[in-house]
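I have placed the structure first, in the form of structure tokens, so that the comments after it can refer back to it.
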Amino acid sequence: QVQLVESGGGLVQAGGSLRLSCAASGRTFSSSALGWFRQAPGKEREFVAAFNWAGGRTYYGDSVKGRFTISRDNAAKNTVYLQMNSLKPEDTAVYYCAAASTVITSAAAISNWGQGTQVTVSS
């Protein structure tokens, strides 16, 4: 089992930026990918971004392409960041870190989740 701890959420005005962090511990060798999903009230959990450890490739959901960047901490190799720029009110959600053996964009296929961190973007 991989333990995931998120941090960095908060309240920001539209157009602002936030950076989320996800630190993985435990059986991290079983996970080749770390990623982010988000869930707004009354909506399904949505894929945001993912980082594949093996090749260093990144993947993004259509709604965040060009605004969000996922990256790996080269020093703390089990940590990924989600840099969120040009935030919009519709980005408001609980953001969850996820770990899997490969990049998965369907929340239903993920079993390893962090506790979530709230991001609120005011207009």
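Key figures
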read-out	value
Euclidean distance between Cα centres, segment 75-123 to segment 1-39, Å	5 Å
Value in Å of the Kirkwood radius, where segment 18-78 supplies the Cα pairs that are averaged	12.8 Å
Stretchable slack from SER32 to SER123, in nm (0.36 nm times residue separation minus alpha-carbon distance)	29.1 nm
Linear extension gain, SER25 paired with LEU11, 0.36 nm per residue minus alpha-carbon span	2.3 nm
Under 23 Å from the Cα of LYS65 - lysines, other chains or at least 8 residues apart	LYS43, LYS88
Surface share of carbon and sulfur [accessible, 1.4 angstrom probe, percent] for the chain	47 percent
Burial ranking of peptide ranges 53-64, 109-120 (average Cβ count within 10 Å, highest at the top)	109-120, 53-64
Accessible area expressed per residue, segment 2-87, with surrounding protein chains retained (probe 1.4 Å, Å²)	51 Å²
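The values are calculated or read from the model by the stated rules, or taken from the named source; none is laboratory data. Everything numeric here is computed off the predicted structure, so don't read it as measured data. All Cβ positions, even for glycine, are placed from backbone atoms using ideal geometry, and neighbour counts span all protein chains on display. To get the accessible areas, we keep the full protein, side chains included, count just its heavy atoms, and leave off ligands, DNA and RNA. Shrake-Rupley method; radii C 1.70, N 1.55, O 1.52, S 1.80 Å.
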